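Values in this text are rule-based calculations from the coordinates and carry no lab data. This is a predicted model, so every value here is computed, not measured. Cβ sites come from the backbone with ideal geometry, for glycine too, and all protein chains shown count toward neighbours.
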Amino acid sequence: MAKKRIAKIDTKVQETLAKLEVDMVGVVLLKDIKGTKLAEAALKLLPSSKSIVVLGIEIFSEFLDLTSPERMAGEPNLNDIFTRHIEYLRGRINRAAYDIAFTSHAAGLKALPLPGRGPAVDGRFLEAVISYKDAAAIAGLGSLGMSSLLVTEKYGPRISLTVCLTEAALESTAGEPQKNCRFCNVCVFKCPAKALEIPKKGETYIINRFACRNYIDATGGCSECMRVCPVASPRYE
Ligand code: SF4
Ligand code: SF4
């Protein structure tokens, strides 16, 4: 019987993944998702990449509970405290993404650590050039909810993501697709911008990104869809 060929893993980079100070690490192999939108996006950014490493860090519910989509004129905007928290977390995951890149470089491999703030966006559709949440879902970190956010089993949608593309061959974490959204519709009904709709059959979510963006710009912040989600929420325990 022919022996099953086992792909060679770039050990140093693989070992680095276990040491990163983040809450979630997932790996998608480009060879496993050939021809998909995600693969094309990754290869456009780093044509020789073999792996997409997805990193996630928990957003604290204490900060999320301070947020509100509405406030009186002149009132302090507590959303700003939440924003500072997110900035700090993004610094942490940026550092982890660079740790993967440094180890890749030391092994003679190219890597592209993408910013925790998000990649470049196509302004015509408000669509990111690569979807961190799609990569996270394929990597087995969670599933997309009706809010359009990644919903994880442990942190619900309270997770900040980034991605590092690397030429390193790593162990895939992809498994059975998760189903963490409870389809409770709460995010849809609580969205103050009416940017979310109940998805039609076969769709996961419907979001009007322009309505969401305009609302956030006009009010100085909105995280309602994340705040009200009951999945892994301490508010509902
Ligand atoms: S961030 Fe606010 S406006 Fe945007 S989809 Fe979520 S609840 Fe709606
Ligand atoms: S609020 Fe309900 S419908 Fe929306 S993402 Fe969370 S579980 Fe899904």
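Can you pull out the chymotrypsin sites (Phe, Trp or Tyr not before Pro) in the stretch 124-160 whose DSSP state is coil and whose Cβ has at most 15 other Cβ atoms within 10 Å?
Details: sites: 125, 132, 155; in loops: 125, 155.
Qualifying residues, ordered by number: 125.
Distance between the pseudo-spin-label points of residue 129 and residue 9 (7 Å out from Cα toward the beta carbon): 3.1 nm.
Can you tell me what percent of all Cα-Cα pairs in the stretch 87-152 are more than 14 Å apart? Of all Cα-Cα pairs in the stretch 87-152, 68 percent lie more than 14 Å apart.
Note down the magnitude of the dipole of the chain about its Cα centre, charges +1 on Lys and Arg C-beta and -1 on Asp and Glu C-beta and zero elsewhere, to the nearest 20 debye.
On the way: 32 positive and 26 negative charges, 163 e Å.
Rounded to the nearest 20 debye, it is 780 debye.
Dimensions of the chain along the principal axes, based on C-alpha atoms and rounded to the nearest Å, stand at 67, 40, 38, largest first. Using only Cα positions of the stretch 179-237, each an equal point scatterer, no hydration layer, compute I(q)/I(0) via Debye at q = 0.21, 0.22 Å⁻¹ and quote the log10 values to two decimals. So the normalised log intensities work out to -0.86, -0.92.
For the chain, what's the relative contact order in percent, using C-alpha pairs closer than 8 Å and at least 6 residues apart? Walk me through the intermediate numbers first.
Details: 450 pairs, mean separation 61.1, N = 237.
Worked out over the chain, it gives 26 percent.
GNM on the chain, alpha-carbon springs under 10 angstrom: the most fluctuating residue among 91, 108, 140 is 108. Across 175, 202, 145, mean-square fluctuation computed from a Gaussian network of the chain (C-alpha pairs under 10 Å connected) peaks at 202. Please name whichever of 17, 46, 177 sits farthest to the positive end of the charge dipole of the stretch 11-179, dipole taken about the Cα centre and charges placed at Cβ: Lys and Arg +1, Asp and Glu -1. Selected residue: 46. Here the Kirkwood formula puts the hydrodynamic radius of the stretch 1-140 at 17.3 Å, using every distinct Cα pair. Cα centroid separation, the stretch 123-196 to the stretch 50-101: 15 Å.
Pick from 21, 127, 171: which is most flexible by mean-square fluctuation in a GNM of the chain where alpha carbon atoms under 10 Å apart are linked? Fluctuation is largest for 127.
Counted by Cβ distance under 14 Å from residue 41, the other residues give a net charge of 0, where Lys and Arg count +1 and Asp and Glu count -1. For the stretch 24-117, trypsin sites (Lys or Arg not before Pro) meeting the loop criterion (DSSP other than H, G, I, E, B) and having at most 10 other Cβ atoms within 10 Å: 34. Semi-axes of the equivalent ellipsoid for the stretch 113-237, computed as √(5λ) from the eigenvalues of its C-alpha gyration tensor and ordered from largest down, come to 24, 19, 14 Å.
For the cross-link pairs 154/194; 19/44; 12/179; 179/201; 110/154; 44/110, the ones whose C-alpha atoms lie over 26 Å apart are 154/194; 19/44; 12/179; 110/154.
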